[in-house]
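Structure record follows, encoded as structure tokens.
The values are calculated or read from the model by the stated rules, or taken from the named source; none is laboratory data. Because the structure is predicted, anything quoted here is derived from the model rather than measured. Quick reminder, even Gly has a Cβ in these numbers, built from the backbone with ideal geometry, and neighbours come from all protein chains shown. For the accessible areas, the whole protein counts, side chains as well, though only heavy atoms, and no ligand, DNA or RNA atoms are used. Shrake-Rupley method; radii C 1.70, N 1.55, O 1.52, S 1.80 Å.
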Amino acid sequence: MTQPRILVTNDDGIQAPGIIRLAEALGEVGEVHVYAPDREQSAVGHCVSLHRPLRVTPVALRQFMVDGTPTDCVMLAVRDLLGFRPDLVVSGINPGPNLGDDVTYSGTVAGAFEGMLLGIPSLAMSMAQRGITHLDTAAAIAVRLARHVLKNGMPADTLLNVNVPDVPYDRLGGLSITCMGRRSYEDEIIRREDPRGGAYYWIGGATPSHVPAPGTDFEAVENGRVSVTPLHRDLTHHAVLALFREANIQL
Ligand code: MN
């Protein structure tokens, strides 16, 4: 079998420790091609740059920086620059969690989401707590899951959102396949006054908490386990779709 080709991206910029370690580790699995933003793009979500030109700069062998978002990186690489379809897209390793509802804000998850939209098996890798003390643990999990997905394939329209506790590998409590939990957003908007009396705001001041529920990504990482959540492309709520069709809303 020829060597698998892996596209690596992130939302923290090409110089972030997480992507450097990830690309290095995935080198054991296949030929790694890095296309990553030239600077921090955290919480950009699935943003695509439509209103300005994008520049791509080579920085090393098979490593390119793009002055855009993670979505831009994956789109440009797969649809033009690589010249082949990668076998796998891996985004990360983000230095903090992407759990529950926060996946919709995440640039890390968006990189994998774009890979999924392009029909390529995709993984999003994040540290389950703020910190990168044990980045090697997350890198080893990325290798483990990359091997699994390359061998067994992945159902269409699915990506894996992975959060890894910041502990040594032998201290992990195991691995759980989880569902997306729920954030509780409290006291997150902070209003202050500038020196001229005008109001300004900070979003996300307080440490966000979550609704405890069994089987969720939050629960897994609280118990020191790796959380692997399969996310689906289709956001349709099928039960409610039937309900609204039955309601027969007329014009
Ligand atoms: Mn980030």
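For this structure, a couple of remarks:
- Residue count for region 227-251 satisfying the condition of being of a type in the set (Val, Ile, Thr), open to solvent by less than 70 Å² (accessible area, probe 1.4 Å) and free of Cβ contacts under 8 Å to residues at least 12 places away in the same chain: 2.
- Looking only at residues in region 175-206 that are of a type in the set (Gly, Ala, Ser) and either under 21 Å from the mean Cα position of the chain (by Cα) or within 22 Å of THR158 (Cβ to Cβ) (or both), the one that is most open to solvent (accessible area, probe 1.4 Å) is GLY204.
- Verdict on ALA60 being within 18 Å of MET125 (Cα to Cα) and at pLDDT 95 or above: no
- Where a residue in region 181-201 is farther than 29 Å from VAL211 by Cβ and its partner, wherever it lies, is open to solvent by less than 100 Å² (accessible area, probe 1.4 Å) and not in a strand (DSSP E or B), with Cβ under 8 Å and at least six apart: TYR200/ASP194
- Residue match in region 46-65 (condition: within 16 Å of the ligand (Cβ to nearest atom), touching a helix residue (DSSP H, G or I) at 6+ places or on another chain (Cβ under 8 Å) and closer than 22 Å to ASP166 by Cα): no
- Residue within region 78-92 that is within 16 Å of the ligand (Cβ to nearest atom), more than 25 Å from PRO4 (Cβ to Cβ) and in contact with a helix residue (DSSP H, G or I) (Cβ under 6 Å, 6 or more places away or on another chain) present: no
- Test: residue in region 207-226 that is more than 30 Å from ALA142 (Cβ to Cβ) and open to solvent by 70 Å² or more (accessible area, probe 1.4 Å): no
- Number of positions in region 143-155 that are open to solvent by less than 80 Å² (accessible area, probe 1.4 Å) and in contact (Cβ under 8 Å) with a residue 40 or more places away in the chain: 5
- Out of LEU76, LEU81, LEU117, LEU99, sole residue that is more than 12 Å from the chain's Cα centre (by Cα) and in contact (Cβ under 8 Å) with a residue 60 or more places away in the chain: LEU117
- Residues (among the acidic types (Asp, Glu) and open to solvent by 30 Å² or more (accessible area, probe 1.4 Å)) located in region 62-101: ASP67, ASP80, ASP87, ASP101
- Residues within region 104-125 that are surrounded by 24 or more Cβ atoms within 10 Å (Cβ to Cβ) and within 16 Å of the ligand (Cβ to nearest atom), tallied: 12
- Top-ranked residue of region 21-44 - restricted to ones that are among the aliphatic types (A, V, I, L, M), crowded, with 18+ Cβ neighbours inside 10 Å and under 17 Å from the mean Cα position of the chain (by Cα), ranked as farthest from the ligand (Cβ to nearest atom): LEU26
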